[in-house]
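Visitor: Can you keep this structure in mind? I'll have questions shortly.
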Amino acid sequence: MTEEHNLTAKARDVLFYAKHYSRPDKSRPAKNKHILRALVEPFCFVSRAFHRVRALFAILLILGWATPAQFIVLSRIGQRTLMESSTRGDPLTYLALGDSTGLGLGAQNGYGYVEQLMTRIKTEHPGSRLMKLCRLGETTSSLRQRLAEGFSAKPTLVTLSIGMNDVLQRTNEPEFGANYEAIVEELKRLAVPIVITNLPDISFAPRLPNSMREEMHVKVLHFNKQIEAIAKRYHLFFVNLGAASASVLAKHQEFFAIDGFHPSDAGYRFWTRTMWPVVKRAIKESLRVAAAKSPLFFLSNSRNCKNAISATRAQPFA
């Protein structure tokens, strides 16, 4: 993929300079023009072939041998073909933000939900990288202060699961909401898909004193309401871990580790299964965004292909 990216980037740069800065010069060897065309034409082959098929299909449509619905489907396939072929299997850079659960505390060998998600990501996208910005006792306030540390990795996918320590430390709701929203606003600058989870219902934790269960339950509900509102306001990928956990934790105490508080191996597997469908959608969006920025996507448009080749014929390579 690196060689292909370099080639397409070079083709894009060559086209730009050929169009804007070149001047006719008969003294220059004609072979430069052919080199430029050789770089561009392979990217246009698939697009030209598709549009020829679509033209034939339009004739069949007029003659009544094809339906409008089939023609629409064919057009949509054409718009997706080059994008999907250029991004399928592309490696991702996954930035995980969270607290001790992001570290996998409670699981054997620390194989928590972050590592389990990464295993699934690598299966479909070999070469993907992981950066964890997770810390024991992390709160929304402390994460907000060191959030920029994760930006150097240039992530293409982000997950955020934070807030349980705010519950335990009895952070007030306005402060929690302000910190959480500030984190999201900063992450939005990355212009990549962001997956956030709300909080599991910790009131079922065996270690929690009975006198605190009702208070923690209400606190989690209020925080989760704020998280969901932020997810809608900023159009984030949202995982309703609170609702999913509330229906199973009371019946599955094995989802808690020996410490009676953190998830066990089974608990992290449940966490991962709950997140994965949403993460998959976010990955698809990440690849779509990457494809839209690619020179291959630019050249997939038949008009762009035609203009690009015409430019090489009109002007020699400077």
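Visitor: Given the conditions (1) part of a helix (DSSP H, G or I); (2) at pLDDT below 85; (3) buried (at least 16 other Cβ atoms within 10 Å of the Cβ); (4) of a type in the set (Gly, Ala, Ser), which single one is not true for ALA66?
Guide: (1)
Visitor: Identify, please: which residue in segment 108-120 is more than 18 Å from ASN165 (Cβ to Cβ) and at pLDDT 95 or above and is, among those, surrounded by the fewest Cβ atoms within 10 Å (Cβ to Cβ)?
Guide: Ranking the candidates gives THR119 first.
The values are calculated or read from the model by the stated rules, or taken from the named source; none is laboratory data. Since we're looking at a predicted model, the values are computed, not measured. All Cβ positions, glycine included, derive from the backbone under ideal geometry; neighbour counts span all protein chains shown.
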